[in-house]
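The values are calculated or read from the model by the stated rules, or taken from the named source; none is laboratory data. All values derive from a computational prediction rather than experimental measurement. Cβ placement follows ideal geometry from the backbone for every residue including glycine, while neighbour counts extend to all protein chains displayed.
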Amino acid sequence: MNWYARPESWSFILYRYLPRLTLCSLAWEIAQLPLYTLWEEPRLGSIVYAVAHCTVGDAMIGTAALALALILSRAGERATWPGTRIVLLMVFLAVAYTLPSERINLTRGNWAYSAWMPVLPWIKVGLAPVLQWVFVPLVAWWWANRKR
């Protein structure tokens, strides 16, 4: 039976992985604020809204990346999930989404980088959002799988 037909899979995703992914994403979003021009915004409400909006988006991206990784790895019973393959696929998928998403949002003016953001020169995308999708899923996966 496939992972999506098993209650323990959904329990893991919804009650272990997603909350941890969301907390890690929130911490990352707050930490990288100075790398965006939003930091210069004088209204606290705008900053809070942007952080909340981006954190929810991160949770959606990360959960979709996990679901696609589970599909691509042909995961079955939770106890037999190929963890390393799933994590590598999650990171690859999230970064693959982030690169064009950043370019599109930068081009549209939805956000802008501050002078502090290191930018990858060949694609003109910030290093922080790329690193986010390397580290955040890794930490959330490790934390969700940690024994109590």
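Checked across segment 113-123, the condition of being touching an Asp or Glu at 6+ places or on another chain (Cβ under 9 Å), at pLDDT below 95 and over 20 Å from Ile30 (Cβ atoms) holds for at least one residue. Restricting attention to segment 97-105, does a residue exist that is closer than 30 Å to Pro7 by Cβ and in a helix (DSSP H, G or I)? Checking segment 97-105: at least one residue is closer than 30 Å to Pro7 by Cβ and in a helix (DSSP H, G or I). Taking each residue of segment 104-117 that is polar (S, T, N, Q) and surrounded by 10 or more Cβ atoms within 10 Å (Cβ to Cβ) and looking for partners that are in a loop (DSSP other than H, G, I, E, B) and at pLDDT below 95 with beta-carbon atoms closer than 9 Å, six or more apart or interchain, yields Asn105/Trp111. Just one of the listed residues (Ala59, Ala75) is in a loop (DSSP other than H, G, I, E, B) and either in contact with a strand residue (DSSP E or B) (Cβ under 7 Å, 6 or more places away or on another chain) or within 23 Å of Leu138 (Cβ to Cβ) (or both), and it is Ala75. For beta carbons closer than 9 Å, sequence separation of 6+ or different chains, a first residue in segment 1-30 that is farther than 18 Å from Met90 by Cβ and a second that is not in a helix (DSSP H, G or I), the qualifying pairs are Met1/Gly76; Met1/Glu77; Arg6/Gly76; Arg6/Glu77; Glu8/Glu77.
Checking each residue in segment 109-148 for being part of a helix (DSSP H, G or I) and touching a Gly at 6+ places or on another chain (Cβ under 9 Å) picks out Trp133, Val136, Pro137, Ala140, Trp141, Asn145.
Here's the yes/no breakdown for (1) over 18 Å from Val130 (Cβ atoms); (2) of a type outside the set (A, V, I, L, M, F, W, C); (3) under 10 Å from the mean Cα position of the chain (by Cα):
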position	(1), (2), (3)
Pro19	yes, yes, no
Glu41	yes, yes, no
Gly45	yes, yes, no
Tyr49	yes, yes, no
Ala65	no, no, yes
Ile71	yes, no, no
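For segment 52-63, the candidate set comprises residues that are among the aliphatic types (A, V, I, L, M) and surrounded by fewer than 17 Cβ atoms within 10 Å (Cβ to Cβ); within that set, the residue that is farthest from the chain's Cα centre (by Cα) is Ala52.
Out of segment 130-148, which residues are surrounded by fewer than 16 Cβ atoms within 10 Å (Cβ to Cβ) and either under 9 Å from the mean Cα position of the chain (by Cα) or free of Cβ contacts under 8 Å to residues at least 12 places away in the same chain (or both)? Leu131, Val134, Phe135, Trp142, Arg146, Lys147, Arg148 - these are the residues of segment 130-148 that are surrounded by fewer than 16 Cβ atoms within 10 Å (Cβ to Cβ) and either under 9 Å from the mean Cα position of the chain (by Cα) or free of Cβ contacts under 8 Å to residues at least 12 places away in the same chain (or both).
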